[in-house]
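Pasting a structure here, questions to come.
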DNA sequence: CGCGGGTTTGATGATGCTCAAGCCCGGTGG
DNA sequence: CCACCGGGCTTGAGCATCATCAAACCCGCG
């Protein structure tokens, strides 16, 4: 099937940024993944469910977030093409998740469950290496974001976000960007207004 | 040497929380580490230097932080016994570091440099696994902290910190806890005052 | 005893929140 | 084709939280 082929090409391209895989090794890999379409507004994970999969996004956009006691959403992560998304805590411990994951646009993903993930990591050390490197990069990015949250104003955090991901304005609604930054949509609107007057 | 033995025991204990190592494997490991004492207030890494080592703390407390244009410190991480600390970005890319690392008490560490780290990961897949697991746990903790920073008030973040690390008050000065939380020492003092009136 | 760093307390101000209303624009139905 | 609707963005007024600056306090140590 054509579309499926293209999804796996995106996965392979992403993997080969960090590790070199032979055709056999990659073929071995692919058998562990389940393709899944997620339509806009459809859940990949609901609060209270166990997160059974790591999701690799081949097209579209997903987000992970929580909903607090007041009903407010707090977006922890966006995931575009070539990114991974999951609730790792629930995935690894089989505890009910405190996060939700859904699609902000019609999206396509490749899912891998925990037994497969562990099997793949043990049977193919290169795969384990890939995830170590991925997690290292995430560690760096997370610390940058934590530093921003303790040292920068909302306006500075917004500018840093635009700097690190200039296309985000085209793909993500402002109220979602505000949620990701930890401010209200009103505050972001005023910040943008202020910036444009320069 | 007695003390050295004890440092490596702490390392071994920590590794064996996630992987099973034979005596030979562990012995192989130890040859890659350099013991280093860091006295209170002494730097392990200074801004602008390349971060040459991952540091494993066997006793004492270190912190990583930045200093902004106003001269304010922003603490990104504490590291106690059994924890790792480094500027991973600088370590992996050999770019000058934007972080500083120093000791808050007299401390002892085991250092491993980048070539050794890579050699160890390739020669001993278990070691790579250990770091993958460690980074997974860090991913979970980082996302929790990011979520806290975008969804909770300063008081709620402080209570969450006490909850996740009840002994922190005994070991870390208040102004450093405040810095870690992203608030001023004055604000933390008022929060503690408010909490104690209950 | 007095010094000095860390914490506390107080007064004032800035940043961002809340609530409410208005605006813009694309989609729907008459 | 146009009027209406609704969601998302903007704007405004008042408010809460936390920052800033300054002074006082506390306590270990020379």
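What follows is calculated from the coordinates using simple rules that are stated; it is not laboratory data. Note that the structure is a prediction, hence the values are computed from the model and not measured. Note that we place each Cβ from the backbone using ideal geometry, even for glycine, and neighbour counts take in every protein chain shown.
Starting with the fewest neighbours, write out A:61, A:109 ranked by other beta-carbon atoms found within 10 Å of each beta-carbon.
Ranking A:61, A:109 by Cβ neighbours within 10 Å, fewest first, gives A:61, A:109.
How many percent of all Cα-Cα pairs in the protein assembly as shown sit more than 28 Å apart?
Details: 40621 of 78210 pairs.
Of all Cα-Cα pairs in the protein assembly as shown, 52 percent lie more than 28 Å apart.
Oh, and also: Distances from residue B:168 to the same position in the other copies: list them in nm, one decimal, shortest first, using label points 7 Å from Cα along Cα→Cβ.
Shortest to longest, the spacings are 2.5 nm.
Follow-up question, since we're still on this one. Any idea what the residue A:17 label distances to the other copies are, label 7 Å down the Cα→Cβ vector, nm, shortest first?
Ordered by increasing distance: 3.0 nm.
Still on this structure, I have one more. Alpha carbon centre of segment B:1-79 versus segment B:126-157: separation in Å?
Segment B:1-79 and segment B:126-157 have Cα centres separated by 19 Å.
Relative to the compact-globule scaling 2.2 N^0.38 Å, provide the ratio for the alpha-carbon radius of gyration of segment B:50-137.
1.14
Using the C-alpha gyration tensor of segment A:84-176, what are the square roots of 5 times its eigenvalues, in whole angstrom, with the largest one first?
One finds semi-axes of 29, 18, 14 Å for segment A:84-176.
Shifting gears a bit: Assume the label is 7 Å from Cα along Cα to beta carbon: what separations in nm does residue A:36 have to the matching positions in the other copies?
Listed shortest first, these distances are 4.5 nm.
How large, in Å, is chain B by the Kirkwood hydrodynamic radius built from its alpha-carbon pairs?
Numbers: mean 1/r = 0.0551 Å⁻¹.
Kirkwood radius, chain B: 18.2 Å.
Another question, if that's okay. Would you compute, from DSSP H runs of 4+ residues alone, the mean residue ellipticity of chain B at 222 nm, taking -39500 (n - 2.57) per run and dividing by the full residue count, rounded to the nearest 500?
-15500 deg cm²/dmol
Rounded to the nearest 10 degrees, what's the angle between the helix B:125-151 long axis and the longest principal axis of chain B, both from Cα atoms, 0 to 90?
10
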